[in-house]
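**Student:** Next up is a structure, given as structure tokens.
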Amino acid sequence: MASTRAAIRYAQAILDLANSKGVAEAVSNDMKSIASTIGSNIELSTFIQSPTKVEVKESALLEVFANVNGVTKGLFHLLFENKRFEILEAIALEYNKLFDQSNGVEVAKVTTAIPMDAALEAKVLAKIATLSDKKITIENIVDPSIIGGFILRIGDQQYNASVANRLQVLKRELSN
């Protein structure tokens, strides 16, 4: 889902409010839950995007996410007033990016052909710690098309040690 300026502004405002109330981490957990729920539930995503009356959307979201923090409930009400529920997932994703940035946390995306086990994840974290002074969290993306090896992406840097990449390089060398 593409980020919009509005989603970034809402996320920044919610982060500022949550920080001032000392509940930024609780709201971050709420936002993770909201983003994953909307992202994995096609019916909920369609409902939020539909032209249904905003009153119905607000009450449904308050019911689905009944255990969220008061600041998050305030976001639902603000989206109700501004008729902007369709950007809720983008706001949640942007909030978590901003929250991580403010806490010095960086996400390393590791693409592998098969899911990483705990031992491999620990080795990757140890290697990444030598490359970055920030706290790192790993997001494992499984892509069988890389055949083997891995692709590591931290911020705007990428290291491609996949078998598919090595075969592509070999193919280019042989064709010259």
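The values are calculated or read from the model by the stated rules, or taken from the named source; none is laboratory data. Keep in mind that this is a model prediction, so the values were computed, not measured. Cβ: placed from backbone, ideal geometry, glycine included. Neighbour counts: every protein chain shown. The protein model used for the area step is the full one, side chains on, heavy atoms only, and it has no ligands, DNA or RNA in it. Shrake-Rupley method; radii C 1.70, N 1.55, O 1.52, S 1.80 Å.
**Student:** List the number of the failed condition for Ile87; all other conditions in (1) at pLDDT 90 or above; (2) out of contact with any helix residue (DSSP H, G or I) (no Cβ under 8 Å at 6 or more places or on another chain) hold.
**Tutor:** (2)
**Student:** Go through Ala122, Ala90, Ala108, Ala113 for me and flag whichever is among the hydrophobic types (A, V, I, L, M, F, W, C) and either surrounded by fewer than 16 Cβ atoms within 10 Å (Cβ to Cβ) or in contact with a Phe, Trp or Tyr (Cβ under 6 Å, 6 or more places away or on another chain) (or both).
**Tutor:** Ala122 is the lone residue from the list that is among the hydrophobic types (A, V, I, L, M, F, W, C) and either surrounded by fewer than 16 Cβ atoms within 10 Å (Cβ to Cβ) or in contact with a Phe, Trp or Tyr (Cβ under 6 Å, 6 or more places away or on another chain) (or both).
**Student:** To continue, here is another question. Please determine whether any residue of region 93-102 is among the aliphatic types (A, V, I, L, M), touching a helix residue (DSSP H, G or I) at 6+ places or on another chain (Cβ under 7 Å) and open to solvent by less than 20 Å² (accessible area, probe 1.4 Å).
**Tutor:** Narrowing region 93-102 to residues among the aliphatic types (A, V, I, L, M): 93, 98.
Next cut, touching a helix residue (DSSP H, G or I) at 6+ places or on another chain (Cβ under 7 Å) only: 93, 98.
Of the ones still in play, those that are also open to solvent by less than 20 Å² (accessible area, probe 1.4 Å) are none.
No.
Listed here are the residues, each with its yes/no results for (1) open to solvent by 40 Å² or more (accessible area, probe 1.4 Å); (2) in contact (Cβ under 8 Å) with a residue 60 or more places away in the chain.
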site: Gly22; (1), (2): yes, no
site: Ser28; (1), (2): no, yes
site: Ser40; (1), (2): yes, no
site: Ser45; (1), (2): no, no
site: Val54; (1), (2): no, no
site: Glu58; (1), (2): no, no
site: Glu63; (1), (2): yes, no
site: Phe76; (1), (2): no, no
site: Glu86; (1), (2): yes, no
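**Student:** Further question: Limited to region 128-176, what total is found for residues that are open to solvent by less than 90 Å² (accessible area, probe 1.4 Å), on the phi < 0 side of the Ramachandran plot, in a strand (DSSP E or B) and of a type outside the set (Asp, Glu)?
**Tutor:** Of the residues in region 128-176, 13 are open to solvent by less than 90 Å² (accessible area, probe 1.4 Å), on the phi < 0 side of the Ramachandran plot, in a strand (DSSP E or B) and of a type outside the set (Asp, Glu).
**Student:** Please go through region 125-150 and pick out each residue that is of a type in the set (S, T, N, Q) and closer than 19 Å to Pro115 by Cβ.
**Tutor:** Answer for region 125-150, where residues must be of a type in the set (S, T, N, Q) and closer than 19 Å to Pro115 by Cβ: Thr137, Asn140, Ser145.
Okay, residues lined up against (1) assigned to a strand (DSSP E or B); (2) hydrophobic (A, V, I, L, M, F, W, C); (3) under 18 Å from the mean Cα position of the chain (by Cα); (4) farther than 23 Å from Ser28 by Cα:
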site	(1), (2), (3), (4)
Leu75	no, yes, no, no
Gln101	no, no, yes, no
Lys109	yes, no, yes, no
Ala119	no, yes, no, yes
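**Student:** Out of all the residues in region 66-73, is one or more among the charged types (D, E, K, R), touching a Leu at 6+ places or on another chain (Cβ under 7 Å) and surrounded by fewer than 19 Cβ atoms within 10 Å (Cβ to Cβ)?
**Tutor:** Checked against the condition, which is being among the charged types (D, E, K, R), touching a Leu at 6+ places or on another chain (Cβ under 7 Å) and surrounded by fewer than 19 Cβ atoms within 10 Å (Cβ to Cβ), region 66-73 yields at least one hit.
**Student:** Here's another thing I want to ask about it. Taking interchain pairs and intrachain pairs at least six residues apart, which have beta carbon atoms under 6 angstrom, with the first residue in region 160-176 and within 14 Å of Pro144 (Cβ to Cβ) and the second assigned to a loop (DSSP other than H, G, I, E, B)?
**Tutor:** Filtered contacts from region 160-176: Val163/Ile147; Val163/Gly148; Ala164/Ile147.
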